[in-house]
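**Q** A single structure is presented below for examination.
Every read-out reported here was derived from the displayed coordinates using simple, explicitly stated rules and does not represent laboratory data. The shown structure was predicted, so the numbers you read here are calculated from the model rather than taken from an experiment. Methodologically, a virtual Cβ is constructed for each residue, glycine included, from the backbone with ideal geometry; neighbour enumeration extends over all protein chains shown.
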Amino acid sequence: MAEAALKLDPVAETGPAPLLAVDNIEVVYNDVILVLRGLSLKVPQGQIVALLGSNGAGKSTTLKAISGLLKTEDGEITRGEVNFLGEKINGIEPDKIVRRGIFQVMEGRRIIADMTVLENLRLGAFTRRDNEVKSDIERVYEFFPRLRERTGLAGYLSGGEQQMLAIGRAMMARPKLILMDEPSMGLSPLMVKEVFAIIKKLNVELGVTILLVEQNARVALSVADYGYIMEQGKIVLDGSAQMLATNEDVKEFYLGQGGGEERKSFKNLKSFKRRKRWL
Amino acid sequence: MQSQLLLQLIINGLIIGTLYGVVGMCFVLIYKASQVVNFAQGEFLLIGAWTCWWLLTAWDIPFFWGFLIAVCFMMVFGIAVQMIILRPLIGEPIISVIMVTIGMSIFFQALMKWMFGTFAQPFPPIFPVEKVDVLGLQVQTAYLMSTGVSLAIMAGFAWFFKYSKMGLAMRATAFSQQVAQSLGISVRQVFALSWGISAAVSAVAGVVVGIVNGVSSALSYFGIKVFPAVILGGLDSIFGAVVGGLIVGLLENLGQYVDSQYLKWGNLYEVIPFYALIIILMIKPYGLFGTRDIERV
C-alpha cells in the first residue's frame with residue numbers, strides 16, 4: 001500500500017532538483033504569435049514523463065523550446081527559464097544544447113534519407129570525442145536487430161524502421177535526456193507497441209530520462225511515470241501516469257472512454273465538452 | 001597526322017576536364033552546404049594563383065612552400081569571406097546572396113588588376129623539363145602534375161564525404177539545416193569550412209593553370225566555364241561535377257578539332273559546351289546526376 005501511495009506522487013516538492021525544469025516560459029513565433037503562455041514542467045532524473053494534449057496545444061513547441069530548435073523556426077522564448085542540471089539553457093545555440101546532453105528525436109523521424117543506416121548512426125555520435133562509437137553502434141543493433149540487415153539508403157526504410165533508426169541515432173549521442181516528439185506517428189498499432197517497448201527498455205536498461213510528446217495518450221501513459229496535459233499553451237493537469245489514466249476527464253477527452261453505459265448523442269457530447277474545457 | 005592531332009586534343013580535353021571537375025566540385029560544395037551559387041569561384045583561382053606567383057617572384061620561396069602557403073592562405077581567405085561577407089546574409093533572400101557573390105567577383109577582379117597589373121605574368125620555371133613524352137605525345141609537365149593533383153583531390157573528397165565526421169556533417173547540413181543542428185552540428189562552422197575548402201582547392205587549380213598559361217585575370221573565366229560543367233552533372237552532385245567537367249573539357253577540344261578540320265567557324269571551342277548543356281537539360285532537367293528527393297513517409 002505504502003509503495004502504491006508513493007508512486008502516485010513521485011515528484012514531491014521536497015525531492016532532489018529535477019534534471020530538467022521548465023519554469024513559466026512564454027514562446028512567441030515571428031514576434032507576434034503567442035504559442036506557450038506560462039508553461040512549467042519538471043522532468044526528474046531517470047523517469048519517463050509524458051506531455052499530452054490535442055493538436056496545436058503547443059507540445060512540439062515546448063520540446064523545441066527546450067532543445068533550442070525554436071530558433072531555426074523563428075521562435076523565441078520571451079519569458080521564463082529552462083534549466084538543465086541546474087543551469088539556464090534558454091538562448092543557447094541548439095548544437096551546444098546537444099553537447100550538454102539533451103537530444104531531440106524530431107516529429108516525423110527526420111532521418112537523413114540519402115545516407116545509409118550506418119552513416120545516420122555515426123552522425124548521431126557527432127558530438128562525441130571518445131572511441132567507443134563502434135561498440136555503441138553494436139548496442140543499437142542489439143536493440144534493433146532488423147536495422148543490421150538494412151544496408152541501403154535510410155530513405156527506403158519502412159516507417160517503423162525509420163523510427164527505430166531515429167531512436168538509435170539518439171542513443172548514439174549518449175544523451176542524459178531524450179525529447180521524443182510523436183514516436184507513434186504514422187505507425188501501425190503493432191509497430192507502436194514495439195517502439196514503446198523499446199522506449200521503456202531505453203529508460204530501464206540505459207537509465208536515459210525521456211520527455212515524451214504523444215497524441216496517443218493511452219500508450220504514452222502505459223510507459224510513463226508522470227504525465228502533463230496541456231491545452232492552448234498551458235499545463236492544465238498533471239499527475240502520476242496511473243492517476244491520469246484513471247482520471248475521468250482524461251478518459252473522456254484523451255482515451256476515448258466515456259463514462260456510463262448509455263448511448264450518447266453528439267449534441268450532448270459537444271455541450272459537455274464546452275462545459276468541461278479547462279480554461 | 002590527323003589522328004595524332006585528335007589524340008592530342010583528347011588528352012588535352014581530359015586534362016583540362018579534370019581541372020574543370022575539381023573547380024566544379026568546389027562550386028558544388030558551396031552550393032550543397034549553403035545553397036549559395038558562388039559567382040566568385042573563378043576569382044578564387046585568380047587570387048590563389050596571384051598569391052603563389054607573388055610568393056615565388058617577390059620572396060624567392062621554393063615552389064613547394066609557396067604553393068603550400070598560397071593554399072593555406074586561400075583556406076583562411078575563404079573562411080573569412082564566409083564569416084565577414086556571407087554570414088550576415090543568412091536568412092536573406094537567396095537572390096540577394098547571389099548578387100553579393102557577383103559583386104565580390106567584380107571587386108576581387110578589379111583588386112587583383114590594381115595590385116598586380118593587367119598583363120599576364122609567367123611563373124618562374126618550376127620543372128626541369130617543360131614537356132614530357134607520354135605514349136609518343138607531348139604533354140606539359142605542369143598538366144601532368146595537375147592531373148595527378150586533381151585525381152588526389154577527387155579521392156580526398158570521396159574519402160572526406162564518406163568517412164570523415166565533418167564530411168558527414170556537411171552532407172547532413174545539405175540535407176536539412178534543422179536536422180543537422182538537432183544532431184549537434186554547428187551549421188555556421190559547416191558553412192565556413194565549406195567556403196574554406198572550396199577556396200583552397202580552387203587555388204590549387206588556379207596555380208596549375210597559371211603555370212601553363214601565365215597568371216592574368218583570364219583565369220577567372222574558369223569560373224564561368226565551370227557553370228556548364230556543374231549544371232550538366234546536376235548542381236547538387238559532386239560526382240556529377242567531375243563527370244560534367246570531363247565532358248566539357250572533351251567537348252571543347254573535340255569542338256576545336258571539328259572546327260579546324262571541317263567547319264572553319266573559328267569559335268566552336270568556346271560555345272560548344274553551352275550547346276551540349278542546352279541539349280542535356282532538355283532531356284534531363286536535373287542534370288546527369290542531380291538527385292530528386294527520395295519521398296517516403
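**Q** At 0.36 nm per residue, minus the direct Cα-Cα distance, what do B:D60 and B:M282 gain on full extension? Give it in nm, one decimal, please.
**A** 74.8 nm
**Q** Assign one of three labels to the stretch A:48-110, namely rounded, prolate or oblate, based on the Cα gyration tensor with a ≥ b ≥ c the square roots of its eigenvalues; rounded applies when a/c is under 1.5, prolate when it is not and a/b is larger than b/c, and oblate otherwise.
**A** Since a/c stays below 1.5, the shape of the stretch A:48-110 is classed as rounded.
**Q** For the protein assembly as shown, what is the percent of antiparallel DSSP beta bridges, rounded to the nearest 5?
**A** Roughly 60 percent of the DSSP beta bridges within the protein assembly as shown come out antiparallel.
**Q** I want the antiparallel fraction of DSSP beta bridges within the stretch A:17-257, as a percent rounded to 5.
**A** 55 percent
**Q** Rounded if a/c is under 1.5, else prolate if a/b beats b/c, else oblate: with a ≥ b ≥ c from the C-alpha gyration tensor eigenvalues square-rooted, which is chain A?
**A** Here chain A falls in the prolate category.
**Q** Could you please report the charge total around A:T151, scoring K, R as +1 and D, E as -1 over all other residues with beta-carbon less than 15 angstrom from its beta-carbon?
**A** Result for the local shell: +1.
**Q** Give me the net charge of A:K96's neighbourhood, meaning all other residues with Cβ under 14 Å from the Cβ of A:K96; Lys, Arg count +1, Asp, Glu -1.
**A** Once positives and negatives cancel, what remains is +2.
**Q** Specify whether the C-alpha gyration tensor of the protein assembly as shown places it in the rounded, prolate or oblate class, a ≥ b ≥ c being the square roots of the eigenvalues: rounded for a/c under 1.5, otherwise prolate if a/b is larger than b/c and oblate if not.
**A** Note, shape of the protein assembly as shown comes out prolate.
**Q** For chain B, what is the calculated [θ] at 222 nm in deg cm²/dmol (nearest 500), taking -39500 (n - 2.57) for each run of four or more DSSP H residues and dividing by its residue count?
**A** It comes out at -24000 deg cm²/dmol, rounded to the nearest 500.
**Q** For chain B, what is the Kirkwood estimate of the hydrodynamic radius, computed as the reciprocal of the mean inverse distance between distinct Cα atoms, to one decimal in Å? Numbers along the way, then the final one.
**A** Values: mean 1/r = 0.0503 Å⁻¹.
Kirkwood radius, chain B: 19.9 Å.
**Q** Could you work out the longest stretch of chain B that avoids the GluC sites (Glu not before Pro) located in DSSP loops with at most 13 other Cβ atoms within 10 Å?
**A** In chain B, the maximal stretch lacking such sites is B:131-294.
**Q** Using the 10 angstrom Cβ neighbour count as an exposure proxy, how do B:C26, B:C72, B:C52 rank, fewest first?
**A** The fewest-first ordering by Cβ neighbours comes to B:C72, B:C52, B:C26.
**Q** Further, regarding this structure: Hey, for a label at A:M185 modelled as a point 7 Å past Cα toward Cβ, could you say which residues of the stretch A:43-60 have their backbone N under 12 Å away?
**A** Of the residues in the stretch A:43-60, A:56, A:59-60 have backbone N under 12 Å from the label point off A:M185.
**Q** If R0 is 56 Å, what FRET efficiency do you get for B:L5 and A:K134 from their C-beta distance, rounded to 0.05?
**A** 0.50
**Q** If you don't mind, another one. What does the net charge come to around A:V213 if you take all other residues with beta carbon closer than 9 Å to its beta carbon, with K and R at +1 and D and E at -1?
**A** -3
**Q** Between B:I94 and A:R218, what is the spin-label point distance in nm, taking each point 7 Å from the Cα along the Cα→C-beta axis?
**A** 4.5 nm
**Q** For the pairs A:K59/B:K165; B:K162/B:K284; A:K64/A:K88; A:K59/A:K251, flag any whose C-alpha to C-alpha distance is greater than 24 Å.
**A** Check vs 24 Å cut-off fails for A:K59/B:K165; B:K162/B:K284.
**Q** Between A:K201 and B:Q35, what FRET efficiency follows from the Cβ-Cβ distance if R0 is 45 Å, with the result rounded to 0.05?
**A** 0.65
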